[in-house]
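Right, one structure below, let's go through it.
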Amino acid sequence: MNEVTKETYKPTSPNSKLDFASVWEYAPAPESASHAEVKNKYELFIGGKFVKPSSGNYFESTNPANGEVITEFAEASKSDVNKAVKAARKAFEGEWSSISAKERGKYLYRIARMIQERAREFAVLESMDGGKPIRESRDVDIPLVAAHFFYYAGWADKLEYAFPGQKPEAVGVCGQIIPWNFPLLMLAWKIAPALACGNTVVLKPAETTSLTALKFAELVQEAGLPDGVVNIVTGAGETGAEIVNHKDIDKIAFTGSTGVGKLIQRSLAGTDKKFTLELGGKGAMIVFEDAPIDQAVEGIINAIFFNQGHVCCAGSRLLVQEGVADTVMQKLKDRMESLIVGDPLDKNTDVGAINSQGQFETINKYLKIALDEGADVYQSTCNIPENGYFVRPTLLSNVSQSNRVVQEEIFGPVLTIQTFRTADEAIQKANNTPFGLAGGVWTDKGSKIFKVGSGLRSGVVWANTYNKFDPTSPFGGYKESGVGREGGLHGLGAYLKF
Ligand code: NAI
Ligand code: MG
């Protein structure tokens, strides 16, 4: 495997003062997967039924932590997408529109409760198919999925109160395309508000992480949702493009790379489809000298190593005020050294597997670029499993603003570190990338939080924390990070016409 190792990169400093490994060894604590049922093969979910793909083709999904094939998904082609859109249209014009808003809300409450009941099973499957640590899928992803369904369930019969004086109406059939970093959570972000507003959906999960979406389809069947309200088609980019270009879809909601987002925006130009795009990011974290340093370090660790850095709003750039730069750097290295990288199903694991071979190669490509650009590359010395796709937590220092590693989205556990002297310089550096999704600031002074918060061209700015999510809060980007907002009332409005 083309892996960048500590040997290859020669860490620039002898690093850690603490030898965590010898002080503190954890015994393995694997989560049991026995209760999570996985079929050998999953069909498409169209019109309330599981149906075979017209091409007869299937593709494999692997566990990125060990390379084992977990199951196979059906490949949806143009005619399957068409079938799904027809089913969604029929439901939209028929049964789904004829039931009351209150009844619609009840279905969403039911789904939310069913997710809670099966939280453990969903968490295990999410970690197996996607590589994220079980601690995260269990404590972050799945609870947030339920929270989104609960939140939007509450709005279903209160749309006129959400938008007083207006007569909100459902948009119609929504095509939704989601990525692999938060598979079930992105599904919830898309499906919960769409259904609350009375729309029907055709959703395509990412090709490497479709398992929980199909488990969700089973749950939709059990919840008794009318046929065709939720349709799930699996496949790769071509299937996604069939959804984007389908003439009978009223709205497209996409989360994924900026490159594909641009393609989609081009395809939609001149059509009357509504759209929201949630794309990449290069979040900056600004740490002032007066910040609570230990708290800041913990926040930074969470911001970039959480979910292997597979987070569009990840804090992938650290801007630290000169006076505390050395202290922050040393504390960060010490903390990085204590992170456990390995089996996603082990409850002790902090950093799991990189989602796919493709993403693994992308991250390693950027580590080479960092070296070519003259960065100092520091990696934690932790052991990583021999099989599977793993990257050690990495810090890139001695970088400048124009470096590719500072400007481009790496989407891995890789943090760049730069220094600044004044708040204005920090804001200027933070804003100087093509993105504007999220940022963070650590300081003891409320006034600095407001100054930085209003200066950052970012959809989200966290203060003295990072990566905190809530269904009531809108989320979305400036510049190349996207168009429109999801979450909260803004996210509701995106699924209505007035
Ligand atoms: P991607 O943008 O290709 O994939 C996201 C989704 O879009 C998947 O469901 C995919 O099947 C679908 N898709 C791909 N091509 C399409 C097309 N032409 N039309 C319609 N749908 C299409 O992302 P990819 O290649 O998996 O990751 C590449 C980079 O994208 C990552 O390194 C990362 O920088 C960024 N990314 C950002 C995400 C975010 O949350 N903003 C999520 C995933 C990736
Ligand atoms: Mg997989």
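See the values below:
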{"quantity": "Summed residue charge, Cβ within 12 Å of VAL171's Cβ, Lys/Arg positive, Asp/Glu negative", "calculated": "+1"}
{"quantity": "Spin-label pair PHE450/GLU37, simplified geometry with 7 Å Cα→Cβ offset, distance in nm", "calculated": "5.7"}
{"quantity": "Lysine pairs within segment 31-103, Cα separation less than 14 Å, 8 or more sequence positions apart or different chains", "calculated": "6"}
{"quantity": "Pairs of alpha carbons in segment 358-498 whose separation is greater than 26 Å (percent)", "calculated": "38"}
{"quantity": "Difference of contour (0.36 nm per residue) and Cα-Cα distance, LYS347 to LEU489", "calculated": "47.6 nm"}
{"quantity": "Order of MET336, MET329 - criterion: other Cβ atoms within 10 Å of each residue's Cβ, fewest first", "calculated": "MET329, MET336"}
{"quantity": "Peptide ranges 176-183, 93-100, 319-326 listed from the most packed, as the mean C-beta count within 10 angstrom indicates", "calculated": "176-183, 319-326, 93-100"}
{"quantity": "Modelled FRET efficiency - R0 60 Å, TYR26 with ASP248, Cβ distances, 0.05 increments", "calculated": "0.65"}
{"quantity": "Under-5 Å amide H pairs with GLY439, H placed in peptide plane, nonlocal only", "calculated": "VAL460, VAL461, TRP462"}
{"quantity": "For segment 348-437, the spread of Cα positions along each principal axis, largest first, Å", "calculated": "45, 28, 24"}
{"quantity": "Net charge dipole size for the chain [Lys, Arg +1 and Asp, Glu -1 on Cβ; Debye, nearest 20]", "calculated": "1520"}
{"quantity": "Equivalent-ellipsoid semi-axes of segment 62-186, from the Cα gyration tensor, Å, largest first", "calculated": "31, 21, 12"}
{"quantity": "Cα-based Rg and Dmax for segment 203-262, where Dmax is the largest Cα-Cα distance (Å)", "calculated": "12.8, 38"}
{"quantity": "Magnitude of the charge dipole, segment 156-305, Cβ model with Lys/Arg +1 and Asp/Glu -1, debye to 20", "calculated": "520"}
{"quantity": "Dimensionless Rg/Rh of segment 129-233 - Kirkwood Rh, Rg from C-alpha atoms", "calculated": "0.99"}
{"quantity": "Long-range tail of P(r) for segment 47-122 (Cα pairs > 20 Å, %)", "calculated": "60"}
{"quantity": "Length-normalised contact order of the chain in % [C-alpha pairs under 8 Å, at least 6 apart]", "calculated": "18"}
{"quantity": "Nonlocal amide H pairs with PHE390, under 5 Å, H built at 1.01 Å", "calculated": "ILE354"}
{"quantity": "Inter-label distance, nm, simple model (7 Å from Cα along the C-beta direction), PHE498/ASP139", "calculated": "4.0"}
{"quantity": "Percentage of interatomic Cα-Cα distances in the chain larger than 29 Å", "calculated": "49"}
{"quantity": "Considering only segment 320-452, percent of DSSP beta bridges that pair antiparallel, nearest 5", "calculated": "40"}
{"quantity": "Difference of contour (0.36 nm per residue) and Cα-Cα distance, LYS365 to SER400", "calculated": "10.8 nm"}
{"quantity": "Inter-label distance for LYS49 and GLU289, nm, one decimal - labels placed 7 Å from Cα along Cα-to-Cβ", "calculated": "7.2"}
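Read the figures in this text as sums done on the coordinates, not as results from a lab. Because the structure is a prediction, the values reported are computed rather than measured. All Cβ positions, even for glycine, are placed from backbone atoms using ideal geometry, and neighbour counts span all protein chains on display.
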